[in-house]
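Bear in mind that the values in this text are calculations on the coordinates, not laboratory data. Note that the structure is predicted; figures quoted are calculated from it, not measured. Cβ: placed from backbone, ideal geometry, glycine included. Neighbour counts: every protein chain shown.
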């Protein structure tokens, strides 16, 4: 069809040139316009749907984190997940978005600002152009993801007020600044560092912020014995956690494919489909390999390890899902599944209490995603290494400073009594499961 | 089609080569056609996805309402949410749709009917034309939303049979009739009243129907003391309620953006994106402000207030999400957050028992949405005031009559014994949480 | 933009008419191209979204099955649902996909293989062409659906290892082979058998595999008395099950509409909308009729019957959702609602223990869907009968053999002690609800 049309067009060209026929290119010009306007609709609709899927991840994180913790801290964790999204939207709207996208003129730097708020001006209606509203919606969902990763790592002991302060700082400043380094055209981008959908920009940042918080906070009461050996403090609802993981998997189909930022145009369409399948393959490999590896280590197939393995596979493929083959996606996911189990054991040995495995899943595998982008994705290895150090260090150090200040101010951790009672009662005077007979696991 | 085009193209080629005919608008016309057909696909796909998101809200309502009530009424609430959707689909298909859309000829009236059932005839395949099937699917999801709002307000005491009767009446008659007043081209529309996605048409109708039900039913046993002071009857699963709120937020991205009914065409595309972001901003502001306001009043950050604040923000922006700026969306959401808290306190003072806050969220903020459309959206204020009175009054009065009849017939409220046992056992002989040790909170 | 194009077009028109410039019909050719490329984006995006919705059904199945079983088997059921997806993705990628789609050359046979893995080569960018990546993603979600249906039927007694072996066999071989008979151009397709979205190919296969498993395994301890009378072993969380059913309903809007495999082009667009509405109508009728029928039989409105009725309606419409009218969809759903209740009673009488009703919902109604395709859909009845026998027999017999082998090898069923303790502790040493006081129902 295309070929015939082309041939026909060329033939027509000749005829027109000879003036034999008068020819009405009016309709043709109009029709090009229709195609462009349709492409504009397609691309913006695609990113809108992707944004909705990423926002759905907030529900996934809330369910995963809540289920993996004690019943007595349920309201607190849910509230943190609700409010880091809500506060995050407002702060990223006013400040973060302008910091993350300092404008086209800006290039290669460390810090820039294009102004407060988000424009309502529609761009030219052609494919590839995104309305600022949907671009903001997609980006703010990413910011909220980075922020909410921390809520799992600090579960059961961080004061609600401290978490609010943290949320303001990370969504308004910390995430947008390092995000700009790559996605806003900053120095990491200029260096050739590649991070397609944010293994580092989003996940490692959140994972290392969580690690900083876990270190400064110290472990929950009873998490480690006097001799340093760990006690498991099992979650109170693994059905909820499993649902959360399924929701995160679904949301990731917005996170990764959406990061192409366009689907109209043959190449965009095709690569989005490859990204989606790579995402699924890495997730599957992560779950299966984490299950097998944990089974070998602990002699039992462990559900939470498989769940975290799936998430680890997703984090690992995030930076490179557009750059690797299907078989490579399986390898990246498989390695991620092992790293999750190893990371959890490492934290135990270091006596760091990360109740949901936020660092192994998002921090460690964020770095793995960045390196895998060099190993399999063909992107320059040196730039990948630099980016895979710079962003975790940025997230870890800035957040370490913040949490140390909060600690010094005495507003970081709840009292021993409040922790034993549970944060739901002590911080919110609300119980999550009224009427149920529940025993504390601490 | 393709084959014909090919054959025709080759034929034309020959004719053109011989100079017999003057020129080929064929391809151009064909290409315009492709653009139109693509726009038809884009618009219908968009509304289909929006309809699916709105249908997902049924899950959200079910989770919110169930979690905010006693464990012993879980099966009953879930069943009501399942069956108002199921019955609603059937009744809206046979009767409601024809009442709500009496046809193009109809204009400015109070009541009309275009016939039973839904056509299967495809429209011309151009952008902006919707297949009746998807138009029905989208609209029936709205009808089910209006209906299901009430299930929260009547929780714990209304007989299942009474709820079935109510469902039939509201989805077949009450909602479609007032819906027609605005969206079917009725008198409110002729008056200039504006309600983009249904702050009033859907939410206030449901909210005031719920208020009527709550008043006629009376409070649950133990909800108010002899001196009139209220007792909280806490929900049994705030994790479920939080999940429900996240699902409602996600579903609202179908509710509001979908109400544009088209996304192809530059202006449609752009406004859909603005609508989506306004929706997110108002929700965020509602959650944050309700949290802060409740914190000041009650000295503790209260999760259920923040959850309802988010929903209130969504209801408030629904009528005007296409007409206001981002900053105005934040203001509308912020006011909604305050109104939710105020509304809940008002009901307590009036000794009206609305277990989930259906009226503050959907009723009071439905009116706020209608007024905000005048204040910020530039729509004529008088028409907004009339619409913001007419629809709530219609919903309240018709439902008050219905529930009074059901009460007089003795089929509205369960017996005292049945209420104490819980509706799961007394109405369904099913327990929701078999094996769990649960204490009643009444 | 449009105006400029129009003006430019008119100007060009004049110039061409005078023969001053040679005229660029290139635009016309280009515009046809834009339309085709847009259609390619639309179709692939549509199938991508549909695939995501179908994948979401895994969460639905996990919630339905978990909630309908004892609390003590929660981790085990969740794990089975997680891992049949994860393992299924890997095996269907390497083997199943090549078995199911042996290629265009293949026609009418029983068995074929087009090779290992999935191509990354993009097709020509025109409407109707799907990238292999998204085709795989959509198809693997179907394979996982067929596989995961069984996890409900075997709940509470099958060893985790046995389930892993089963998963490998069904996703790599059993499902793809019979799937090919119809969708890969095999003998059932050549015969004229019609199964639009898989009432038989997916649901009946899974349902009858589950029946085979339930028979070989035998009932759970305490499920039937010595005199053959059944004891209900109630589920531990009907809120979770209800959420699962809502999620499945949502996912089915990917399952059925997505099976058109294209939405661009007027006919595709229109039929997708009809499919979506037929899906909703059949689901609604299934829920309402199952409720009424069970109410008559058991004197109480039973939530689990209504939930399964809704699912039964969905299964019944799956084969014929593109071939029947709205009214016929209601009839198909209504019959499905009755069949669900009848099927559950039949299993009780036969002393077969299918804890979630997998066979009544997916097996019996899968066959009903196939027959209804002949009765209402106008497809040749003989072919429908043959297909509606062949696929269930294939699924039942192959799986019967597999489970008998596993039983003979002593790795099918857990010990009596392990069953009493619950599979969470005995198989995984993990409890799902740590801290909650729970009594066993066996």
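Below are the figures for this structure:
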quantity: Using a 7 Å Cα-to-Cβ projection, residue A:124 label spacings across copies, nm, ascending; calculated: 3.0, 3.0
quantity: Cα-based shape type of the stretch A:103-251, given that a ≥ b ≥ c are square roots of the gyration tensor eigenvalues and the cut on a/c is 1.5; calculated: prolate
quantity: Residue C:437 paired with residue C:418, simple spin-label distance in nm, labels 7 Å along Cα-to-beta-carbon; calculated: 3.1
quantity: Shortest-first nm distances, residue A:261 label point to equivalent points in other copies (7 Å, Cα→Cβ); calculated: 3.5, 3.5
quantity: Principal axis dimensions, largest first and in whole angstrom, of the stretch C:218-274 by Cα; calculated: 61, 23, 15
quantity: Normalised alpha carbon radius of gyration of the stretch B:88-133 [divisor 2.2 N^0.38 Å]; calculated: 1.25
quantity: Global size of the stretch A:39-428 as Cα Rg and Dmax, reported in angstrom; calculated: 19.7, 66
quantity: Tensor-based shape of the stretch B:184-289 (alpha-carbon gyration tensor, a/c under 1.5 rounded, otherwise prolate or oblate); calculated: oblate
quantity: Other protein chain Cβ atoms within 10 Å, averaged over every residue that makes up C:220-228; calculated: 0
quantity: Surface/4 of the Cα convex hull for the stretch A:224-373, nm²; calculated: 9.0
quantity: Between helix B:2-17 and chain B: long-axis angle, C-alpha atoms, 0 to 90°, nearest 10; calculated: 30
quantity: Cα long-axis angle, helix A:303-318 against chain A (0 to 90 degrees, to the nearest 10); calculated: 40
quantity: Taking the stretch C:37-428 and dividing mean pair separation by its residue count, relative contact order in percent (alpha carbons under 8 Å, at least six apart); calculated: 25
quantity: Space enclosed by the convex hull of the alpha-carbon atoms of the protein assembly as shown, per residue, Å³; calculated: 164
quantity: Taking N as its residue count, the alpha carbon Rg of the stretch B:119-198 over 2.2 N^0.38 Å; calculated: 1.36
quantity: Rounded to 10°, Cα long-axis angle of helix A:160-169 versus longest principal axis of chain A; calculated: 30
quantity: Partner chain coverage, peptide C:46-53 - average Cβ within 10 angstrom; calculated: 6
quantity: Proportion of all alpha-carbon pairs of the stretch B:371-423 beyond 14 Å (%); calculated: 68
quantity: Of every Cα-Cα pair in the stretch C:167-224, the percent that sits beyond 17 Å; calculated: 47
quantity: Counting all C-alpha pairs of the stretch A:324-387, share separated by more than 13 Å (%); calculated: 64
quantity: Under the Debye formula (equal points on every Cα, no solvent term), log10 I(q)/I(0) of the stretch C:329-442 at q = 0.10, 0.19 Å⁻¹; calculated: -0.50, -1.10
quantity: Least to most buried among A:178, B:229 (fewest other Cβ within 10 Å first); calculated: B:229, A:178
